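The values are calculated or read from the model by the stated rules, or taken from the named source; none is laboratory data. These numbers come from a predicted model, not from an experiment. For neighbour counting, all protein chains shown are included, and Cβ atoms are generated from backbone atoms with ideal geometry for every residue, glycine included.
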Amino acid sequence: MMGERTVAQEALFYSFNIERHVPADHLLRSIDRFIDLSGVREHLRPFYSDTGRPSIDPELMIRMLIIGYCMGIRSERRLCEEVHLNLAYRWFCRLGLEGDVPDHSTFSKNRHGRFRDSDLLRQVFEMTVQQCIGQGLVGGEGFAVDASLIRADVSRPKAVLAADGLPPGTASRAVREYLEVLDDAAFGGATPVVPKYLAPSDPASRFTAATPERAFFAYSTNYLIDLENAVIVDVEATTAIRQAEILAQRRMIERTQQRFDLWPARLAADTAYGSADNLAWLVEEKGIEPHIRVFDRSARRDGTFERDDFTFDHADDSYICPGGKRLRPTNRNFTTERSRVDKDGFIRYRAAQHDCTPCALRPRCSPNTPARKIARSVHEGARDMARDLAMTDAYATSRRQRKKVEMLFAHLKRILKLDRLRLRGPNGARDEFLLAATAQNLRKMAKIVPMPGQLAPA
């Protein structure tokens, strides 16, 4: 017999346990084990008034932001809607069925105020790093560093020529932040080269053609990871240029040493980090083996002798050419001692013209110049060490492991959907990169560390 349709009827009492309706294998249930926000309220206490109406719980806002970045929910309006409807999200936020979800504008108000003033988001990120260390996921022996471009939230057609400056009357939070970081070595002070275009809505973003795609405005997110389990131990936002990325690498290494007492023995990176001064900083100041290919432009394409064909004599401070003649920093005696180092940190070794003119090897050495010269960096010792390390098996291993950084960037853009920034200005980029790295570390722990009663993943 066909039954009648059951019509919903209002009950006088309900017995509902939200805990029972969140699946045991839900991602947020696993992530919740590693979130410790017990110190948030005390950390933010100086930034709240002692009088007035009670505020929205800051722990609730942080938990909602973690949901948004872990689940790839880019809009805060949509995030509020999802938390309102989804039982698992409500459980994670400790809201229950009757709890009110804060308005989306609450996030903007707190982000531009007390969250940034207190550097709260970095504290939350470092909480995840500390949890990873506590779970034994950080080896601390080998690190890798790399940067990836993230598109800024600007309109390319509305860009203006940098030489013309910003349009009159342009005033926004992003513009104020741009003026504040003009001398910051991670942004405006990274290079004296003026970009071709400026974006009035976010002038701190840099116009770059570093990819095969059409040029666009972007920021760089810089990751320092531990190679054992690809845990992000630090993250830094910079302008999209190589010099700023090298500075970010130094800041992240020093901050990791100070905050977590992690002193890596080796660092893996690509050629962009292989400049002479950076290799010297790693070797001489930090005692870190650079598993980095040397940034070297001495190779020749015309078939003439390269620098490797010349032998350096350390005792005599000179190069010996294939013809047996010596190249010295100077072939003259000066009454007043002159610096032999140029502004780029190189010493020029020059052969004597009377040695080169009759030489039978001149067509293969210096066919277009009176005498041959070779540039040698003042940090050549660190460069030689990097070249020697590049011939070892350990370097080959680091080169393979370095791909873990690229995988994190792919996960960031494809799974977490952070291929374009939503917030503007250097502070907006910094906030998004910190929250995204926090989400990636939490998802990493949820994947590797089994829930109680479960077997560890193979």
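The residues on offer are ASP419, ASP384, and the sole one that is without any contact (Cβ under 8 Å) to a residue 40 or more places away in the chain and among the charged types (D, E, K, R) is ASP384.
Residues of the range 44-87 that are farther than 17 Å from ASP100 by Cβ and in a loop (DSSP other than H, G, I, E, B): TYR48, SER49, ASP50, THR51, GLY52, MET71, GLY72, ILE73, ARG74, SER75. One residue alone among LEU421, LEU416, LEU412 is touching an Asp or Glu at 6+ places or on another chain (Cβ under 6 Å) and not acidic (Asp, Glu), and that residue is LEU421. Of all residues in the range 165-180, those being assigned to a helix (DSSP H, G or I) and either more than 24 Å from ALA244 (Cβ to Cβ) or small (Gly, Ala, Ser) (or both) number 1. For the range 189-212, state whether one or more residues are at pLDDT below 85, more than 30 Å from ALA394 (Cβ to Cβ) and either among the small types (Gly, Ala, Ser) or outside the structural domain of GLU289 (by TED's automatic domain parsing) (or both). Scanning the range 189-212 turns up at least one residue that is at pLDDT below 85, more than 30 Å from ALA394 (Cβ to Cβ) and either among the small types (Gly, Ala, Ser) or outside the structural domain of GLU289 (by TED's automatic domain parsing) (or both). Being free of Cβ contacts under 8 Å to residues at least 24 places away in the same chain and surrounded by fewer than 23 Cβ atoms within 10 Å (Cβ to Cβ): is that true of PRO200 here? In short, no.
Going residue by residue through the range 251-265, is there one that turns out to be farther than 23 Å from ALA437 by Cβ and touching a residue at least 24 places away in the same chain (Cβ under 8 Å)? There is at least one residue in the range 251-265 that is farther than 23 Å from ALA437 by Cβ and touching a residue at least 24 places away in the same chain (Cβ under 8 Å).
If you filter the range 156-175 down to residues that are under 13 Å from GLY425 (Cα atoms) and either surrounded by fewer than 11 Cβ atoms within 10 Å (Cβ to Cβ) or among the aliphatic types (A, V, I, L, M) (or both), you find that the one that is modelled with the lowest pLDDT is ALA171. Only residues that are exposed (fewer than 10 other Cβ atoms within 10 Å of the Cβ) and more than 47 Å from the chain's Cα centre (by Cα) were counted across the range 337-370, and they come to 2.
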